[in-house]
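K.L.:
Submitted below is the structure of interest, expressed as structure tokens.
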Amino acid sequence: MDTQELLAVAQAVMDEAEAMFLRGVGTMERYEKAPGEYVTEVDLSIEEYLRTTLTQFTRIPVYGEERGGHLGKEPVWVIDPIDGTANYAVGNPLCAILLSLLVEEQPVLALCSLPLLERRLSAVAGGGLRVNGREHPPLLTRDTSIAQVGFSSLSSQSQCVYSTPTRHDLLAALSQTHLRPRVTGSVGVDLAFAAQGIFAGAVSFSPHTWDNAAGALLVREAGGVVTDPEGGPWVPSSPGVVVGEADTHALLVGTMRTLESSTAER
């Protein structure tokens, strides 16, 4: 299959995943898989459905948040069945289903479904961003008086290579710029909002490919800049991702570098 054919399969599979997602909103059936990290029965069911169906129809293996898999240079589907599980469990609409296809360690196809916002973003490499099937205009520099930036998490319990003080320092530093930080609780939402220009940019502190891969391609295809936190190329092993239109991205990376230098001098 070529990329467009694979996208058609992924779109069809996503239809049922969205239905499962909507039926389970507000579920109280959840388990603590690590301190402060929860998984619901719906997470497990959606991942199992996506894993089984994608493998059956495409013969491409799956790497998922809940059941793992193998990441390498060979083609692999990467899935996060519910990004923002804590939001989902209380009915907060800022949660998503994330699906991407990686080839040679880079996303070439991406879907981000925001079922409670009735919005689905899609992209294939070189094909631009689409929202609910329609072409989306490229990102432009935002009015600095209203520019917002997604800030994925401040929780000390999140699996993050950046310490809580470092994240708080960055939040404080960004608050002194024209950017207005917003903590959504979902990396997928942050990156999707950045791709659409709702956010001027976003910082993901997650080191997990399932959180970052789909959004990285969506922002690229919208014309945004995508790097690791140090400004280098984003790869699945990067300790996070920084995205946005060019001016905002430069400010985000520059602020993070300044904080790193200050910390090193202490």
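K.L.:
Give the angle, between 0 and 90 degrees and rounded to the nearest 10, that separates the Cα long axis of helix 187-196 from the longest principal axis of the Cα atoms of the chain.
P.N.:
Once rounded, one gets 80 degrees.
K.L.:
So if we plug the beta-carbon distance of ASP15 and THR258 into 1/(1 + (r/R0)^6) with R0 = 51 Å, what FRET efficiency do we get, rounded to 0.05?
P.N.:
0.65
K.L.:
Within the range 186-230, find all residues whose amide N lies under 12 Å from a label point positioned 7 Å from the Cα of GLU37 along Cα-to-beta-carbon.
P.N.:
The answer is 206-211, whose backbone nitrogens lie closer than 12 Å to the label point.
K.L.:
Rank PRO181, LEU191, GLY72 by how far each Cα sits towards the positive end of the charge dipole of the chain (+1 on Lys, Arg Cβ; -1 on Asp, Glu Cβ) and give me just the farthest.
P.N.:
Toward the positive end, the furthest listed residue is PRO181.
K.L.:
Against the longest alpha carbon principal axis of the chain, how many degrees, from 0 to 90 and to the nearest 10, is the axis of helix 41-58 turned?
P.N.:
70
K.L.:
Between ARG119 and GLU230, what is the label-to-label distance in nm when each label sits 7 Å out along the Cα-to-Cβ direction?
P.N.:
My value for the distance between the label points is 3.3 nm.
K.L.:
Over the chain, what is the mean sequence separation of C-alpha contacts under 8 Å (at least six apart), divided by residue count, expressed as relative contact order in percent?
P.N.:
15
K.L.:
At 1.4 Å probe radius, can you tell me the per residue accessible area of the chain in Å²?
P.N.:
44
K.L.:
Taking the chain as the reference, fit the longest principal axis to its C-alpha atoms, fit the long axis of helix 246-265 to the helix C-alpha atoms, and give the angle between the two in degrees, 0 to 90, nearest 10.
P.N.:
Once rounded, the angle reads 60 degrees.
K.L.:
So which GluC sites (Glu not before Pro) in the range 77-146 end up in coil per DSSP with only 14 or fewer other C-beta atoms within 10 Å?
P.N.:
Loop-located and lightly packed - GLU104, GLU118.
K.L.:
Net charge around VAL62, counting only other residues with Cβ within less than 13 Å of its Cβ (Lys, Arg = +1; Asp, Glu = -1)? Mind dumping the intermediate values first?
P.N.:
Numbers: positive: ARG51, ARG59, ARG67; negative: GLU47, GLU48, GLU65, GLU66, GLU74, ASP80.
Its environment carries a net charge of -3.
K.L.:
How high is the FRET efficiency from ARG30 to ARG67, r the C-beta distance, R0 25 Å, rounded to 0.05?
P.N.:
That pair, ARG30 with ARG67, gives E of 0.90.
The values are calculated or read from the model by the stated rules, or taken from the named source; none is laboratory data. All values derive from a computational prediction rather than experimental measurement. Counting neighbours? That spans all protein chains shown, and the Cβs are built from the backbone with ideal geometry, glycine included. Please note that ligands, DNA and RNA were not included when accessible areas were found on the heavy atoms of the full protein model with its side chains. Shrake-Rupley method; radii C 1.70, N 1.55, O 1.52, S 1.80 Å.
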